[in-house]
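Input: a single structure, listed below in structure tokens.
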2 protein chains.
Amino acid sequence: MNKAQKYNLKLKRLGIDTYKEAILYLKENCPVCRSEGFVAQARISVNFGDQFIVATLNIIQSDLLMDDEASLSEYAWELLGVKEGDTIGLSHPKPLVSLSYIRKKVYGNVLNNQEISTIINDVLYGRLSDIHIASFITACAGGRLNISEIRDLTKAMISSGECLHWHSKLVVDKHCVGGLPGNRTSLIIVPIVAAFGLTIPKTSSRAITSPAGTADTMEVFAPVELNIKAMRKVVEQENGCIIWGGAISLSPTDDLLIRIERALDLDSEGQLIASVLSKKIAAGSTHTVIDIPVGPTAKVRDLETANGLKKNLEIIGKELGLTVRALLSDGSQPIGRGIGPCLEAKDVLSVLQNHSKAPQDLREHSLQLAGAILEFSNTVKPGTGEPLAREILDSGKAFEKFQAICLAQGGFNEPKKARFCYTIVSGKSGVVEVIDNRRLAQIAKLAGAPHAKAAGLELQVSIGSLVEKGQPLYTIYSETKGELQYALSYKQEKKQTIYLRETE
Amino acid sequence: MNKAQKYNLKLKRLGIDTYKEAILYLKENCPVCRSEGFVAQARISVNFGDQFIVATLNIIQSDLLMDDEASLSEYAWELLGVKEGDTIGLSHPKPLVSLSYIRKKVYGNVLNNQEISTIINDVLYGRLSDIHIASFITACAGGRLNISEIRDLTKAMISSGECLHWHSKLVVDKHCVGGLPGNRTSLIIVPIVAAFGLTIPKTSSRAITSPAGTADTMEVFAPVELNIKAMRKVVEQENGCIIWGGAISLSPTDDLLIRIERALDLDSEGQLIASVLSKKIAAGSTHTVIDIPVGPTAKVRDLETANGLKKNLEIIGKELGLTVRALLSDGSQPIGRGIGPCLEAKDVLSVLQNHSKAPQDLREHSLQLAGAILEFSNTVKPGTGEPLAREILDSGKAFEKFQAICLAQGGFNEPKKARFCYTIVSGKSGVVEVIDNRRLAQIAKLAGAPHAKAAGLELQVSIGSLVEKGQPLYTIYSETKGELQYALSYKQEKKQTIYLRETE
């Protein structure tokens, strides 16, 4: 660090959340800006003790800051481990060697292991800005990463965080590429597999833009914010768990890359494979089933892409010591009836309790995937996994195990019912032809999901259903009248959510 | 626009300058965030009257904002044309079709004219975020734009701003690709060419990261912030002008793209060509000379690249009706002696006034370029331009014209001398072998340039100079003791700025 370029400023908290971007706020025309020639959007090295991060400068032209004060975005406070009143130093950052590696990729060259891990390390420590990361992701997209680069990227992402280790030789897992609404198979698969006796330490995510994530739905039943120690205790006792991955730090760079991929709407196969495999390997899995739904509104749209992805997932998994079995499934319509944490939890519960009216699509899809996982065991012959899974579910052992896992995670609760509801009825008779999942998800979010756990909606029809005029199509649930009103005005304006073909 | 998704919030000014990025600030958990599911870094459509921009959301967790208030970054205030207390509406932005065009380019396809102009239009109106622009720039880098795409990009950039039109059939201009320190040829070329009688309406830029831009140096002599009407008056009266381009809106998307290219440190040939040609064509030029300095620390490092660039500049210029003559020059060392606005102005003045001690490199380089421009005239035969330029300079007509242009722009001033100075002397004898331009520029900036016009430094030696122990190498100038001290401590720490080969 260059002492002459260091300036000491006192930190003031402005409370600005920029998600995962490190921003430094300085007062306009303060001595350090003037003498160093720092201008808005400059990248500046922010030093505290032995730590440093590189942040993007925003200039405060008002009296939010004084000349000798500085502030940081919430993410930067956390990254640097500082508190209000601490004194930071500023300097011009050293040129980042990772930028030259990114340029190398932009110009179409192959990166080696060391170059990729330098880039990932700089992503992790916030030294690369969002636009640098966007450039890296763009340079890798369009099939520009080869197999060895994807493998090295996966390895680098694993090394960026914690790694779990388990006593069992066989540790299984499952993942779904590009979730369908209501596709809460994990809550059914984990208890079946754990009841059989295999180790399945499952981590899941919360909703980001959807009305519910698997972790949100599990949270209806039991606490999900367990740390590694607590997670280990649950798995040792019950063979399995379903916790929120955000509470433990597995492949943390994955989230940092995904938020930029999402903003760019770029789904690069290489990044997808590295993302999935790094999370599974860091979680200590030895064998995993990966569900690839294929359909016009799913992440993977055609069979050719799906088969290519399946092959590469299996090859790269093998190189990294993870046995991968990828399964293609029908991704043409949502699975289950509920949308929103409690309503999805209700679907899960009805399957686990073997209700006659439980959604069969959710039940069958879960059994197929659970069967494939059970076949990882030496004692389960090929072709016998699914019947075995069915037996465990039908016998009630899966539900028993699910309750035991919930209790081990901190207690079992039943899904709540929302205070307010409104049922949308059909204005005419016909056969259900198309269900607009995007609009239904939006209605569920406006009704309060996932913040209000009981909010959302429940479908009373599916594609092919014969509907009479006046028959209920779906019911919207919410915890406040205002939110119900939001959802209804959106529905009123968009009008069509379920399209019927008129019968003659 | 979707009414149900609109929320009205009152604008409060927080005074946060993010340079050219549109940011929207909302209070955490305010009703609109909750019901719309807006999270930090989401892209949100901000509506005011008939206008809308798309901004990136930052969440305020403190009491800087109340639930029914919103704020914007300074750039977004300007873009939307709002003032404190105005009421804005928010909604989810429509999916941008330009994002699918960017993806098309990412996947290696060729873009057509309409696709490129849609992207450029969305850049101009702030609908694409910085990471989208970074992705676009990355996808175009590495030679991935073909000639027709570069031409279409140039056309789209021209259409994004004002275009000037002049009465003369022949309107000339000059540009330098990748400036060398002290390379202020424009201030010598414009008066020579204007004195001869050609129309040369020159726009220049201010320093961004350097100790002085051409506009900063010209401002030592005369006002440079003229609007189009005032500029036109100067040119009609004196044939030429040298004004700051930022005050008129020529190819405004160029600046928006350049700031991201600079942050990525990506110099794509396609973007460079579009940048240069769009500015010249929008300024109404029919003929332009482009100086391409070639050297290890210049923007263009080898002759092969320089010749390729020259060819493409000339081809694409021709397709768009602009005659381009690109000249390669020696870019191995700085031109002139001063670094900083007044010190560079002093060099310019000594050349214009034909002082015997004027820097010969600046004089000769200016004459060469001015000669090439004069040859655009029918009346000047090939090979006679440079002698003619020399005649105009030697006769004093160029200096006369320069003073007249300054007066027309608002008044002629002589460069000031700084209050404080300190001379660095050589610690040993030898021959100057290397001059570290980067460190000298940093010293000039620490001494106060370009804010303090008189600050900077003046070299007393050049490469090849024979130096005795104790002989002055350069003098640092500043307006305050503190700034002189900053510059000296940096110098002390970095020690070497001028490297000598010892003589025997």
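Ordered shortest first, which distances in nm separate the 7 Å Cα→C-beta label point of residue B:168 from those of the other copies?
Result for residue B:168, in nm, nearest copy first: 8.4.
I'd like to know which of A:473, A:188, A:93 lies farthest towards the positive end of the charge dipole of chain A, counting +1 on Cβ of Lys and Arg and -1 on Cβ of Asp and Glu.
A:188
In the stretch A:5-91, what is the count of Lys pairs whose alpha carbons are under 13 Å apart, counting only pairs at least 8 residues apart or on separate chains?
Numbers: A:10/A:27; A:10/A:83; A:12/A:27; A:12/A:83.
Count of close lysine pairs: 4.
Using a basic spin-label model with each label point 7 Å from the Cα along Cα→Cβ, how many nm lie between residue A:419 and residue B:353?
8.3 nm
Provide the FRET efficiency to the nearest 0.05 for the residue A:323-residue A:125 pair, computing r from the beta carbons and using R0 = 35 Å. Each step should come with its number before you reach the end.
Details: r = 33 Å, r/R0 = 0.93.
Once rounded, the FRET efficiency stands at 0.60.
List every residue whose amide H lies under 5 Å from the amide H of residue B:474, counting only residues 5 or more places away in sequence or on a different chain, with H placed 1.01 Å from N in the peptide plane.
B:424, B:460
Where does the charge balance sit around residue A:423 when Lys and Arg score +1, Asp and Glu -1, over other residues with C-beta under 13 Å from its C-beta?
Details: positive: A:491; negative: A:458.
Net charge in that neighbourhood comes out at 0.
At 7 angstrom along the Cα-to-beta-carbon line, where would the label on residue B:84 sit relative to the other copies? Give the distances in nm, shortest first.
Sorted ascending, the copy-to-copy spacings read 2.4 nm.
For the stretch A:5-91, give the magnitude of the charge dipole about the Cα centre (Cβ charges: +1 Lys/Arg, -1 Asp/Glu; no others), in debye to the nearest 20.
160 debye
Checking an interface number: how much accessible area is buried between A and B, summed over both chains, with a 1.4 Å probe, in Å² rounded to 100?
5000 Å²
Quick check: Cα centre of the stretch A:58-129 to Cα centre of the stretch A:200-257, how many Å?
29 Å
Given points 7 Å out from each Cα along the Cα-Cβ axis, report the residue B:51 to residue B:209 separation in nanometres with one decimal.
Going from the residue B:51 label point to the residue B:209 one covers 3.1 nm.
Please say if chain A is rounded, prolate or oblate, where rounded means a/c under 1.5 for a ≥ b ≥ c the square roots of the C-alpha gyration tensor eigenvalues, and otherwise the choice is prolate for a/b larger than b/c and oblate otherwise?
Because a/c hits 1.5 or more and a/b exceeds b/c, chain A counts as prolate.
Evaluate 2.2 N^0.38 Å with N set to the residue count of the protein assembly as shown, then give the Cα radius of gyration divided by it.
This ratio for the protein assembly as shown stands at 1.08.
So who's got an amide H within less than 5 Å of the one on residue B:199, skipping anything under 5 residues away but keeping other chains? H placed 1.01 Å off N, in plane.
Under 5 Å from the amide H of residue B:199: B:172.
Explain nothing, just compute: Karplus ³J(HN,Hα) = 6.51 cos²θ - 1.76 cosθ + 1.60, θ = phi - 60°, for every residue of the stretch B:264-281 in order, whole Hz, x for Gly and Pro.
8, 6, 10, 9, 8, 4, x, 5, 4, 4, 4, 4, 5, 5, 5, 5, 5, 5
Name the shape class, rounded, prolate or oblate, that the alpha-carbon gyration tensor gives for the stretch A:377-504, where a ≥ b ≥ c are the square roots of its eigenvalues, rounded holds for a/c under 1.5, and otherwise prolate holds if a/b is larger than b/c and oblate otherwise. Before the final figure, lay out the partial values.
Details: a/c = 2.99, a/b = 1.49, b/c = 2.00.
It is oblate, given that a/c is not under 1.5 and a/b is not larger than b/c.
Shortest first and in nm with one decimal, please list how far the residue A:108 label point sits from its counterparts in the other copies (point 7 Å along Cα→Cβ).
Its label point is 0.9 nm from the equivalent points in the other copies.
At 7 Å along the Cα-to-beta-carbon direction for both residue A:162 and residue A:494, put a label point, then send me their distance in nm to one decimal.
Between residue A:162 and residue A:494, the label points sit 3.8 nm apart.
So, R0 is 30 Å and r is the distance between the beta-carbons of residue B:439 and residue A:29; what FRET efficiency does that work out to, to 0.05?
0.75
Please list, in order along the stretch A:333-346, the HN-Hα scalar couplings obtained from phi with the Karplus expression 6.51 cos²θ - 1.76 cosθ + 1.60 (θ = phi - 60°), rounded to whole Hz, x for Gly and Pro.
8, x, 10, x, 10, x, 10, x, x, 5, 6, 6, 4, 5
Leaving ligands, DNA and RNA out of it, rank A:202, B:10, B:229, B:94 by accessible area with a 1.4 Å probe, largest first.
Ranked list, largest accessible area first: B:229, B:94, B:10, A:202.
Tally up the carbon and sulfur contribution to the accessible surface of the stretch B:420-501 as a whole percent, 1.4 Å probe, everything protein left in place. Mind dumping the intermediate values first?
Working: 1950 of 3660 Å².
On the stretch B:420-501, the fraction of accessible area on carbon and sulfur atoms equals 53 percent.
Under unit Cβ charges (Lys, Arg +1; Asp, Glu -1), what dipole magnitude, rounded to 20 debye, does the protein assembly as shown have relative to its Cα centre?
Here the protein assembly as shown has a charge dipole of around 60 debye.
Cα centroids of the stretch B:441-488 and the stretch A:418-477: how far apart, whole angstrom?
Using only Cα atoms to place each centre, the spacing works out to 74 Å.
Compute the angle between helix A:481-494 and the longest alpha-carbon principal axis of chain A, please, reported from 0 to 90 degrees and rounded to the nearest 10.
80 degrees
Just to confirm a number: summing +1 for Lys and Arg and -1 for Asp and Glu over residues other than residue B:300 whose beta-carbon lies under 14 angstrom from that of residue B:300, what do you get?
-2
When only the heavy atoms of the protein chains count and the probe is 1.4 Å, how do A:184, A:390 rank by accessible area, highest first?
Details: A:184 25, A:390 70 Å².
Per-residue accessible area, sorted high to low, gives A:390, A:184.
I want to make sure I understand the PRE zone here: with the label point 7 angstrom from the Cα of residue B:267 toward its beta carbon, which residues in the stretch B:428-472 have backbone N atoms less than 15 Å away?
Only B:438 pass the distance filter.
What is the angle, in °, between the Cα long axis of helix A:437-446 and the longest principal axis of the Cα atoms in chain A? Nearest 10 is fine, range 0 to 90.
Here the helix axis deviates by roughly 70 degrees.
Nearest 10 degrees, 0 to 90: what angle lies between the long axis of helix B:130-140 and the longest principal axis of chain B (Cα atoms)?
That works out to roughly 60 degrees.
Near residue A:310, within a Cβ-to-Cβ distance under 14 Å, what is the net charge of the other residues, with Lys and Arg +1 and Asp and Glu -1?
-1
The values are calculated or read from the model by the stated rules, or taken from the named source; none is laboratory data. Treat the numbers as computed from the prediction; the structure is a model and nothing was measured. Positions of Cβ are backbone-derived with ideal geometry, glycine not excepted, and every protein chain shown enters the neighbour counts. Heavy atoms of the whole protein, side chains included, go into the accessibility calculation; ligands, DNA and RNA do not. Shrake-Rupley method; radii C 1.70, N 1.55, O 1.52, S 1.80 Å.
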